[in-house]
Amino acid sequence: MIRARALALRDRFAGMGARVVEPPVLLQADVLLDLYGEDIRGRAYITADALRGEQMLRPDFTVPVVQMHLADGTAPARYTYAGEVFRKQEDDPERDNEYLQVGYEVFDAADPAAADAEVFATLADTVTHLPVRAATGDIGILMAAVDGLQTSDRRKAALRRHIWRPRRFRALLDRFGGRTAAPASRKALLAGEVAATGPLTGLRSQAEIDARIAALHEDAAQPPISAGEMEGLDALLNVRETLPFALQQLQNLAADLPSIGVAVARLRARTDALAERGVDVASLEFEASFGRTSMEYYDGFVFGFYATSRPDLPPVVSGGRYDALTRRLGGADGVPAVGGVIRPGLVVALEEAT
């Protein structure tokens, strides 16, 4: 029943002009492990053989679809697929480690806001009969805020790397802003109070260790992020409103965080495009921190649909924009791309419960 529903959804998207693709189940692991982020790295099923090296059971479809698109070269393009994905669930044995996904992906540079709205509205139509709520966000706004900080490139790189780990991000931000002190062990190291008397062990060379200590000294000499920028980031991270009110708050914040101006303009264009698609933007939730525990390749619009009566379930639908991923895989400017997936197993479960 679930497989039949998956194929019906895929065929529905194909009927809208999307090309059906079937990426392999086993994928080369070397590139993927660097692209999927820490969460998936720890939950991937990896195997190896002498001829092919390390391979990974498909954790989702986005990367292989991007690779197929870049090899084909056709643009604009729309793709759909249906098949199993595999993820370890060591922290939650109740969740499936193998399940079906159906996806809809759009590669189109002409009007990114319209493409965002198309993907969101198309997937929303598949669950309109279910008791679900939609949530949206935009990773690109926080990225832009970090990139615009008046601090060292090293600190900005650290913050950007940990955007998808909110606790670590918060801890770093508070330390860089002078709100919390550096760990005692680091202070002792920088003060020369730690001496190594034993043999050198581990994978790092003495030169690498010395370079790391030098970097820590350089960071310790940096002035803290200004109070104004810290307050602006705090306000940004706390934005959680229906879309029109969130947009107004973000437009006001752009006065203190001018680096987010372009990203907020993209949000405004997307809001208009969603309204043109018939989406009720007045009641659509927007949260600036939404999507920070999802795939690390998202760099713009992110969204999810959640069962209102089952908060324990993963999202029934999820997706977002991943322009940076296409640049990493294809070089140059990449290809603007946005997509999303639906879990037919959860659709069937919710239908049976209502």
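Read-outs throughout are calculated quantities, based only on the coordinates presented, and are distinct from any laboratory measurement. Note that this is a predicted model, so its numbers are computed, not measured. Here the Cβ positions follow ideal geometry from the backbone for every residue, glycine too, while neighbour counts run over all protein chains shown.
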Query raised in the report: What 222 nm value per residue comes from the helices of the chain, counting each DSSP H run with n ≥ 4 as -39,500 (n - 2.57) and dividing by all residues, nearest 500 deg cm²/dmol?
Result: -13500 deg cm²/dmol
Query raised in the report: So what's the convex hull volume per residue for the Cα atoms of the range 1-79, in Å³?
Result: 122 Å³
Requested in this report: Relative to the longest principal axis of the C-alpha atoms of the chain, give the angle of the C-alpha long axis of helix 261-276, reported between 0 and 90° and rounded to the nearest 10°.
Outcome: 10 degrees
Query raised in the report: Taking 1 over the mean of 1/r across every pair of different Cα atoms in the range 230-354, what Kirkwood radius in Å do you get?
Result: 16.3 Å
Query - Fluctuation leader among 117, 109, 288 - the chain, Gaussian network, Cα springs under 10 angstrom - result: 109
Report summary line: Once residue 181 and residue 31 are pulled to full extension, the length gained, defined as 0.36 nm per residue separation minus their Cα-Cα distance, is 50.3 nm
**Report entry** Whole-Å distance, taken between Cα centres, linking the range 129-163 and the range 218-295
**Finding:** 9 Å
Report task. Choose one answer from 148, 320, 53: the residue with the largest mean-square fluctuation in a GNM of the chain with alpha-carbon springs under 10 Å. Result -> 53
**Report entry** Percent breakdown of C-alpha pair distances by 5 Å bin, ordered from the shortest bin, for the range 1-134
**Finding:** 2, 9, 16, 18, 20, 17, 11, 4, 1, 0
Query raised in the report: What's the local net charge at residue 62, with K and R +1, D and E -1, over the other residues with C-beta under 13 Å away?
Result: -2
Query raised in the report: Nearest 10 degrees, 0 to 90: what angle lies between the long axis of helix 166-176 and the longest principal axis of the chain (Cα atoms)?
Result: 30 degrees
Report task. Kindly give the semi-axes, whole Å and largest first, of the ellipsoid equivalent to the range 74-155, taking each as the square root of 5 times a Cα gyration tensor eigenvalue. Result -> 29, 23, 16
Query raised in the report: If you line up the long axis of helix 243-253 against the longest principal axis of the chain, both from Cα atoms, how many degrees apart are they, to the nearest 10?
Result: 30 degrees
Query raised in the report: Got the relative contact order for the chain handy, in percent, Cα pairs under 8 Å and 6 or more residues apart?
Result: 25 percent
Report summary line: Mean Cβ-within-10 Å packing, highest first, puts peptides 44-50, 268-274, 141-147, 162-168 in the order 141-147, 268-274, 162-168, 44-50
Report summary line: Taking Lys and Arg as +1 and Asp and Glu as -1, residues besides residue 84 with C-beta under 11 Å from its C-beta add up to 0
Report summary line: quick shape note, the chain: Cα extents on principal axes in Å, largest first -> 67, 57, 42
